[in-house]
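Single-structure report; data block below.
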Amino acid sequence: AATGCPALVYSRYGYGKSDRLLSARGVDYMHREALVVLPEVLDQLGIEAPIPVGHSDGASIALIHAGSGRGPVRGVIAMAPHVFVEDITVRSIAEAKTTFENTDLAARLGRYHNDVVSTFRGWNDIWLHPEFRNWNIEQVLGGIAVPVLLIQGEDDQYGTRAQVEAIARQVSGPVETVMLADCTHSAHQVRKAATIEAISGFVARLRKPG
């Protein structure tokens, strides 16, 4: 509403009300979402030259899609993106597993996901898998020539400033970076007004003629 743009919001496979995850995710699951699933979704719905908006895994998927040349995009908005695996990420995800098993986290997540156990484990298990430590998408960044907006909380427990710095250094197009104080991983929840302001301003500049 703040941008004045129509939007498609969808839950990826294994999340929300989408189909239940039937098997463990592979290390390449974000590439599959970016290079196979997202192009098909856009094609089926007749959406041309979108501005992908993603958070965390979704942000990484948006970057992979934009850098692949699989379809034109007008810009990319990446909130708390990951382009490589950091120790802080693995440590916090391991802590999340303990929290999930010993608190009411499952019940709270159950408000948003049809099968909260498979949703959580689908994310948690692959990020903690030893083979995932070498996951890295920096090689796609040079293919991103459109404007990019990066939003991250200063206190993000799942990643450091090194993530956005790596993106800003390697993409080909212009970059805006917004680091939000007093903000953890989910800026769209913790600093909602500031996140909306950053996104709506970025989109307005993209829509400006010339």
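The values are calculated or read from the model by the stated rules, or taken from the named source; none is laboratory data. These numbers come from a predicted model, not from an experiment. Cβ: placed from backbone, ideal geometry, glycine included. Neighbour counts: every protein chain shown. Areas reflect the complete protein model, heavy atoms only, side chains present, ligands, DNA and RNA absent. Shrake-Rupley method; radii C 1.70, N 1.55, O 1.52, S 1.80 Å.
Just a few scattered comments:
- The reciprocal of the average 1/r between distinct C-alpha atoms defines the Kirkwood hydrodynamic radius, which for region 111-204 equals 15.3 Å.
- Computed over all pairs of different Cα atoms, the Kirkwood value for the hydrodynamic radius of region 1-114 is 15.9 Å.
- Surface calculation, 1.4 Å probe, protein heavy atoms: residue 20 sits at approximately 130 Å² accessible.
- Kirkwood estimate for the chain, i.e. one over the average of 1/r between Cα atoms, Å: 17.7 Å
- Dipole magnitude (debye, nearest 20) for region 51-210, charges at Cβ of Lys, Arg, Asp, Glu: 700 debye
- Take residue 30: with every protein chain present and a 1.4 Å probe, its accessible area is about 0 Å².
- Ordered from largest to smallest accessible area (heavy atoms of protein chains, 1.4 Å probe), the residues 129, 82 come out as 129, 82.
- Between region 130-159 and region 94-109, the C-alpha centres lie 25 angstrom from each other.
- Note on exposure: 196, 137 ranked by accessible area (1.4 Å probe, complete protein assembly) read 196, 137, with the most exposed listed first.
- If you sort 176, 101, 165 by accessible surface, 1.4 Å probe, largest first, the order is 101, 165, 176.
- When you restrict to C-alpha pairs under 8 Å that are six or more residues apart and normalise by the size of region 19-118, the relative contact order lands at 24 percent.
- Straight-distance crosslink candidates among aspartates and glutamates, where the alpha carbon sits under 15 Å from residue 97 and sequence neighbours closer than 8 are dropped: 125
- Gain upon complete extension [residue 134, residue 86; 0.36 nm per residue less C-alpha separation]: 16.3 nm
- Expected 222 nm ellipticity per residue - DSSP helices of 4 or more, -39500 (n - 2.57), all of the chain, to 500: -12000 deg cm²/dmol
- Across 102, 134, 124, mean-square fluctuation computed from a Gaussian network of the chain (C-alpha pairs under 10 Å connected) peaks at 102.
- For region 1-53: rounded, prolate or oblate by the Cα gyration tensor [a/c cutoff 1.5]: prolate
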